[in-house]
Amino acid sequence: MTHRVYRVGWLVVPLTAFNVLSFRPRPAFSAFGRRRSSVTTPSTPAKRSLSGRYKEKLRPLDGEAVTKFVDTHCHLDMVIPRLSRQSHEDARKAKARGDLPPRILNASYEEWRASLVGPEKGLEACVNIGCGKAALDVAASFLQYDGIYGAFGIHPLRADEWDSEVEQKLVRMMSMDKVVAWGECGLDYFDKMTRGQVKDERTRGLQREVFARQINLAVSLNKPLVVHTRFAEEDTLELLEKHLPDSHPVHVHCFTSSNTLAQSLLQRFSSLRLGFTGGVTFANAPEVRDVVQQVPLDRILLETDSPYMAPEPFRGRIAHPGHVSYVADAIAQVKGVSRSQVLETCRRNTRQMYGI
């Protein structure tokens, strides 16, 4: 039997050996360190849980620099105490099982910050939110720490707390060092009982009035505006278009509304950006990933809205600002780009929005 051969210079290689020695292009890998799968698009919504993609701590791809990140929206006054209670409960359960109890985290910002591990250590700064009358001073107390900035306003679900005293206090707080924005404020028409819209016109009217007032104050003080909107797309767009200059900086945080609203806001307001949380990792939230897919990366901010919206694989636990890393990876997966590109672009977006 004869064999065909290939001659390469002085080297003669049989065809069968050539097949073994042939080189194939290295497969692309996703930001999760695994073979890249197809990207979720509006026409192919995610059908399965994303949990499996997060079983290991995320790590940078070979050749990529570790990039710092900012949590642009969190509630530290609720995060730290809840993490402490969770830590004590974990220790109690471990003891009951006969396992070695984990180290207990006490209600201390410094201790929590020191407890960050893996990619969570990339946390550079936070924008801490105070949005209720009783929470303003507590939230402001975190400004004493390096890397903590503040935003203050009245949440729509606390619109009944608005009065001249609260307004004057918030105006004074805007002049404090490290206060970078007004908010969160906005509209929330979600009815927990019916899982639909609130129908009471008095409730809706009060929210609209308080939101409009806060928009005007933010503009007059030249402060970026942090907006909360839930089940109130038409009214949110109407009030922003009526009271907000087209170029005013706006952060529509924890965006879970429609792509129709997203595109309307992005087209109307040139300095507006949308914030995405751990919700982008939820298996039952393909609509959020659809929006992420269609929003330009330079119009996205990374946030946790902690203690809420913990990403996979921490869903059901207490979210904290270190979880921004997992939000970035999910966005990288949806957009088919590297983790570093997401972190670097969103870091630049944060600097442009808040000056941090």
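Beyond a 26 Å Cα-Cα separation, which of these cross-linked pairs lie in this structure: 169/192; 133/192; 242/335; 133/223; 68/93; 169/199?
Exceeds cut-off: 169/192; 242/335; 68/93; 169/199.
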Among all the aspartates and glutamates, which ones have a C-alpha under 13 Å from residue 121's C-alpha, if same-chain residues fewer than 8 places away are not counted?
71
Provide the solvent-accessible area of residue 258, counting protein heavy atoms only and rolling a 1.4 Å probe, rounded to the nearest 10 Å².
40
Just need the relative contact order of the range 95-249 here, percent rounded to a whole number, with Cα pairs under 8 Å and 6+ apart.
19
In square angstrom, what is the accessible area per residue of the range 204-262 with a 1.4 angstrom probe?
40
Carbon and sulfur: what percent of the range 243-290's accessible surface (1.4 Å probe)?
48
Using alpha carbons only, how many angstrom separate the centre of the range 85-126 from the centre of the range 230-269?
37
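The values are calculated or read from the model by the stated rules, or taken from the named source; none is laboratory data. Note that the coordinates shown come from a computational prediction; the quantities given were computed from them, not determined experimentally. Please note that ligands, DNA and RNA were not included when accessible areas were found on the heavy atoms of the full protein model with its side chains. Shrake-Rupley method; radii C 1.70, N 1.55, O 1.52, S 1.80 Å.
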